[in-house]
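As structure tokens, the structure follows; a few thoughts come after it.
The values are calculated or read from the model by the stated rules, or taken from the named source; none is laboratory data. For clarity, every value in this text was computed on a predicted model and none was experimentally measured. Note: ideal-geometry Cβ built from the backbone for every residue, glycine included; neighbour counts use all protein chains shown. These area figures cover heavy atoms from the full protein model, side chains too; ligands, DNA and RNA do not enter into them. Shrake-Rupley method; radii C 1.70, N 1.55, O 1.52, S 1.80 Å.
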Amino acid sequence: MSYDTIVIGAGHNGLTAAGLLARGGRRVLVVERRGEVGGLASSTEFNPGYRTAGILHDTTGVRASVIKDLDLEKHGLRRRSEPVPVFLPERKGTGLLLHRDPSKAAPEINSFSARDADRYAKYQAFHSRLGRFLLPLLNGPSPPVAGNDRSDFWGMIKAGMNMRRLGRKEMIEFLRLAPMPLRDWMEESFETPLLQSALAAPGLSASLLGPWSPGTATGLMMYEAVRGAGIQGGAPALVRALLAACESRGVEVRLNESVSRIRLRAGVVVGVTLAGGEELDGSMVASSCDPRTTFLDLMTPRDLPLDLERGMQNFKARGNVAKVHLALTGPLAFACRPDLEPENIRIGESLVSLEKAFDCVKYGEMPVEPCLDVAVPSLSDPSLAPDGGHVVSILVYAVPPTGTLEWTDARREELGDLVVSRLASYAPELRDRIVGREVLTPLDLEREYGLNGGHLYHGEQGLDQVLFMRPVPTCAQYSTPLEGLWLCGSGSHPGGGITCGPGMIAAAAILNS
Amino acid sequence: MPLQTPFHPRTSELCTSLLWKEWAGYHAVCSYDTVNDREYIAFRHAAGLIDVTPLMKYEVTGKDAPSFLARVMVRNIEKLRVGRVTYCCWCDDRGKVLDDGTITRWSEEHFRVTSNSPALQWLQRCARGFEVAIHESTDRIGVLALQGPASRTILAAAAEAEIEGLRFFRATTGMVAGKPVEITRTGYTGDLGFEVWTANENALPVYDAIMKAGKIHGIEPCGLDAMDVTRIEAGFVLHGVDYFSARTCMIESQKSTPFEIGLDWAVQLKRESFVGQAAILAEQDRGVARRLVGLELDWDDLERVFEESGLPPEVPRHAWRDPLPVYRDGRQVGQATSGAWSSILKKNLALATVNKGWSEKGTELMIETTVDFERKKMKAVVVPKPFFDPERKRT
């Protein structure tokens, strides 16, 4: 059987790329190792009657153009009308329900600091102005700094012009902030520790860095630039729509089939070999696996150019995020505001506590007070849990990567207990309502989802691994030094998370080639 | 300080000229006499014995040794049969030559690679995913090259081994002076010749036995200077002189491809992946930008440039390796990188790299020369290599 393109991995980026390629007239096959599509966005039953809403539960980065180009709304996708507020609980006090809209957020922030309420409006306005420069950068291929033809040159000029268009003051502010540690930015912006840490946290999830580490401000700016309101039903709803869109365009999906080798003939990709020995022919192979898996595991070592091999050995993918799923018999209620049933919760008392959690990671120790990014997806999709029950989805930021700590069964349970007791310190009824839990350490994530290093974003997103350096300069435009092999996963620009970004831009690059 | 090879007790006793140089970290004799004519004549008319121990040696063993070397080398080493030797080069990812050397297949899973410059790190870097072990044996194995028309007779007398039947670029094992040796029919003189490989501790008895057997055939201990003339006559490129390893080059233009240094015949492109394959394929499509050629300097023009200064013509007394610009129609089109007066051919020879378009046989070029402190140009013609290619080398 011969295909125009064989996509490896049916995660949301693999499906996005496949759907868009099929839309461009290509005959596409998607090969998926697991028994279901969706990868980190797929819903799995972790306790009888309880299903997750995917490993990554934040869908605010999903690109509108993918929804439009693949007619996802026709295939059942619904966008949220407005962003979900994030609740920041306190042990003493009332907590803070943080809306993205500054006018809605103002009354809540006011009770902490009137100055911060005002600053928050300015902060959000800065992000939206910055978006004018960052959005084109994150919705298209990265400026081809490493390229050398004329069109590459114009791409760079355009990116430069977009930055200049921010205006002199804003441009200088951006350039001042970009290499800064998040702590410095947050401290000069706000005085409320709860607000500082809650806003900074998403900027720290993608790399092995703490808020005091230089360059972390860029991660946050890139995260904020692309935020929409999110998808109703979360990541699994996105996957369902993507699959339906793919099927309607004739994309073939084969589950429970793992690719053992990408096949080359005289330096040119000719297809893949499956674990069972079956050989599939394709004039192009697009891998949505992480780059290290793609090059170091799926290629015959002999076929891999040495520079690329070295680049991949140096590519950092130290997974420092764990996942905990809780099955509850009742709602997740917080002592500081019992009447509120928040859908998103962030627990991280201050920038200092975030940095201290990172200190543990640095030295390969179990975190003491890790930052928790909590979602209760059963609030918007009650089908995930039995009647009255709820699913709590917790991303545990700042846990030691596999290389620094041996993740034994005992440590997994220790981490689970730690997370539960940390959450229970804000929500005391939690313990009595838990009927089941699943703890996934970076090692578990590596094994279950085929993520080299267990990194949920397929690779860290420090300043040295973003834009034209993601994953390495020679592969940053989705093509690779191996003719016919393309990358279309989170290891490529614009990076990880449930965004469909890499799959979308890679498909365009493939269709343009 | 440079090291002494295991043959040093003998070579140092014989080298009354005290003309030594440092070769890859070892003391090496340039010539045993104050001039190298005697040694050169031994190479071409009798036999010369030269200590080539400093040549770097790597033992590559293991199940994947053939496929590993096929990945590293431009030649398909998987096809090399046991008991055979081949010569080729290896490149970086961009198809630029790193080094050249011989590869001998001693058994199914044991190969020996020789190189001019340290290659251990590179070989190891290429080994991820291959079941191979790579060990350097440079300082454990002494190597003697016995080269010249009488070499076969001498070695047959000195060694208990099948010498008469050992064909060109074949390898065998045997005994010399009761010590185990490995013998390959290889060399760097372009003549009938052998190389004898032995463990350090056996070096002196092996050396003595060969010298003794060679005495009645006119064997001479030879140095690098005489070998340099013979390798130019044979048209062999020298790493670090006629081309430079991509590893040490400061700029792109200093690097060379296998095609550019005349190793087209050693490149096997249509096969499984090897390092540099894509770049070499692209170069083949694009066309080779420059070529290494043989030049024969015109005698009449040489007389003319000397006569202009009122001097009699003079030929170089030694092989030279100071690069000289090569011109065509007044524009530089390349450079000659080494050369020598061949007393056996009575020709003034050079190896030169010239731009595309000027490498065809018979192309007339001008080469720079200095006569009485004055720069001049004289005529040189592109001629086929090797300049000297005796029948006996192969038969």
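Worth pointing out:
- Residue pairs meeting the criteria (Cβ under 7 Å; at least 6 apart or on separate chains; first on the phi > 0 side of the Ramachandran plot, in the stretch A:223-237; second surrounded by fewer than 24 Cβ atoms within 10 Å (Cβ to Cβ) and of a type in the set (A, V, I, L, M)): A:Gly230/A:Val84
- Pick from the stretch A:302-315, criterion part of a helix (DSSP H, G or I) and within 29 Å of the chain's Cα centre (by Cα), ranking: farthest from the other protein chains (Cβ to nearest Cβ): A:Asn314
- One residue from A:Ala410, A:Ala427, A:Ala398 being farther than 17 Å from A:Arg51 by Cβ, hydrophobic (A, V, I, L, M, F, W, C) and free of Cβ contacts under 8 Å to residues at least 24 places away in the same chain: A:Ala410
- Checked against the criteria, B:Phe111 counts as away from chain A (no Cβ under 14 Å), within 23 Å of the chain's Cα centre (by Cα), at negative phi and open to solvent by less than 10 Å² (accessible area, probe 1.4 Å).
- Extreme residue, nearest to B:Gly262 (Cα to Cα), among residues of the stretch B:373-387 that are open to solvent by 50 Å² or more (accessible area, probe 1.4 Å) and touching a Leu at 6+ places or on another chain (Cβ under 9 Å): B:Lys385
- Considering the stretch B:47-69, and only residues there that are under 10 Å from B:Glu131 (Cβ atoms) and open to solvent by less than 10 Å² (accessible area, probe 1.4 Å), the residue that is farthest from the other protein chains (Cβ to nearest Cβ) turns out to be B:Ala65.
- Between A:Asp432, A:Asp387, A:Asp444, A:Asp417, the distinction of being acidic (Asp, Glu), farther than 17 Å from A:Lys323 by Cβ and not in a loop (DSSP other than H, G, I, E, B) belongs to A:Asp432 only.
Residue-by-condition table, conditions (1) surrounded by 19 or more Cβ atoms within 10 Å (Cβ to Cβ); (2) acidic (Asp, Glu); (3) under 29 Å from A:Leu423 (Cβ atoms):
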| residue | (1), (2), (3) |
| --- | --- |
| A:Thr16 | yes, no, no |
| A:Val37 | yes, no, no |
| A:Ala41 | yes, no, yes |
| A:Lys74 | no, no, no |
| A:Glu82 | no, yes, yes |
| A:Arg91 | no, no, yes |
| A:Lys104 | no, no, yes |
| A:Ser111 | no, no, yes |
| A:Asp118 | no, yes, no |
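To keep it simple, each residue is scored yes or no on (1) surrounded by 21 or more Cβ atoms within 10 Å (Cβ to Cβ); (2) over 30 Å from A:Gly140 (Cβ atoms).
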{"site": "A:Ser425", "(1), (2)": "no, yes"}
{"site": "A:Arg431", "(1), (2)": "no, yes"}
{"site": "A:Val435", "(1), (2)": "no, yes"}
{"site": "A:Pro442", "(1), (2)": "yes, yes"}
{"site": "A:Asn452", "(1), (2)": "yes, no"}
{"site": "A:Leu456", "(1), (2)": "yes, no"}
{"site": "A:Gly459", "(1), (2)": "yes, no"}
{"site": "A:Leu463", "(1), (2)": "no, no"}
{"site": "A:Phe468", "(1), (2)": "no, no"}
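- Residue check, A:Gly203 at negative phi, in contact with an Asp or Glu (Cβ under 9 Å, 6 or more places away or on another chain) and modelled with pLDDT under 95: yes
- Entirely in the stretch A:1-90, the strands (runs of 3 or more DSSP E) that have 1 or more residues that are over 30 Å from A:Met221 (Cα atoms): A:2-8, A:28-31, A:45-47
- Any hit, the stretch B:276-290, residues being surrounded by 19 or more Cβ atoms within 10 Å (Cβ to Cβ), of a type in the set (Val, Ile, Thr) and over 30 Å from A:Met299 (Cα atoms): no
- Single residue of the stretch B:70-108 satisfying the filter (small (Gly, Ala, Ser) and in contact with a helix residue (DSSP H, G or I) (Cβ under 6 Å, 6 or more places away or on another chain)) that is nearest to the other protein chains (Cβ to nearest Cβ): B:Ala70
- When A:Leu340 is tested against (1) assigned to a helix (DSSP H, G or I); (2) away from chain B (no Cβ under 14 Å), exactly one condition is not met: (1).
- The stretch B:172-209 - residue that is acidic (Asp, Glu) and within 20 Å of B:Val85 (Cα to Cα) and, of those, surrounded by the fewest Cβ atoms within 10 Å (Cβ to Cβ): B:Glu182
- Lone unmet requirement of (1) part of a strand (DSSP E or B); (2) within 14 Å of chain A (Cβ to nearest Cβ); (3) hydroxyl-bearing (Ser, Thr, Tyr) for B:Thr337: (2)
- From A:Ala244, A:Ala237, residue being at pLDDT 95 or above and touching a His at 6+ places or on another chain (Cβ under 9 Å): A:Ala244
- Leading residue by the ranking (least open to solvent (accessible area, probe 1.4 Å)) among those in the stretch B:123-171 that are within 14 Å of chain A (Cβ to nearest Cβ) and of a type in the set (A, V, I, L, M): B:Leu123
- Answer residue from the stretch A:275-301, given it is surrounded by fewer than 16 Cβ atoms within 10 Å (Cβ to Cβ) and part of a strand (DSSP E or B) and is nearest to the other protein chains (Cβ to nearest Cβ) among those: A:Glu279
- For the stretch A:179-208, the set of residues classified as part of a loop (DSSP other than H, G, I, E, B) and free of Cβ contacts under 8 Å to residues at least 60 places away in the same chain consists of A:Met180, A:Pro181, listed by residue number.
- Failed criterion for B:Gln335 (all others in (1) at pLDDT below 95; (2) surrounded by 13 or more Cβ atoms within 10 Å (Cβ to Cβ) hold): (1)
- Single unsatisfied condition, B:Ala350 versus (1) within 27 Å of B:Val35 (Cα to Cα); (2) in contact with a Lys or Arg (Cβ under 6 Å, 6 or more places away or on another chain): (2)
- Lone qualifier among A:Arg346, A:Arg265, A:Arg337, A:Arg318 - being over 21 Å from A:Gly454 (Cβ atoms), under 21 Å from the mean Cα position of the chain (by Cα), open to solvent by 30 Å² or more (accessible area, probe 1.4 Å) and not polar (S, T, N, Q): A:Arg346
Here's the yes/no breakdown for (1) within 30 Å of B:Asp37 (Cβ to Cβ); (2) within 14 Å of chain A (Cβ to nearest Cβ); (3) at pLDDT below 95; (4) part of a helix (DSSP H, G or I):
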| site | (1), (2), (3), (4) |
| --- | --- |
| B:Val241 | yes, no, no, no |
| B:Pro258 | no, no, no, no |
| B:Gln268 | no, yes, no, no |
| B:Ala282 | no, yes, yes, yes |
| B:Leu292 | yes, no, no, no |
| B:Leu302 | yes, no, no, yes |
| B:Glu307 | yes, no, no, yes |
| B:Arg317 | yes, no, yes, no |
| B:Pro325 | yes, no, no, no |
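- Of all the criteria given as (1) open to solvent by less than 60 Å² (accessible area, probe 1.4 Å); (2) at negative phi, the one not satisfied by B:Thr370 is (1).
- Subset of the stretch A:263-274 (residues that are within 14 Å of another protein chain (Cβ to nearest Cβ) and either touching a Gly at 6+ places or on another chain (Cβ under 7 Å) or of a type in the set (Phe, Trp, Tyr) (or both)): A:Arg263, A:Val268, A:Val269
- Selected residue (criterion: surrounded by the fewest Cβ atoms within 10 Å (Cβ to Cβ)) from residues of the stretch A:250-262 that are within 14 Å of chain B (Cβ to nearest Cβ) and not basic (Lys, Arg): A:Ser260
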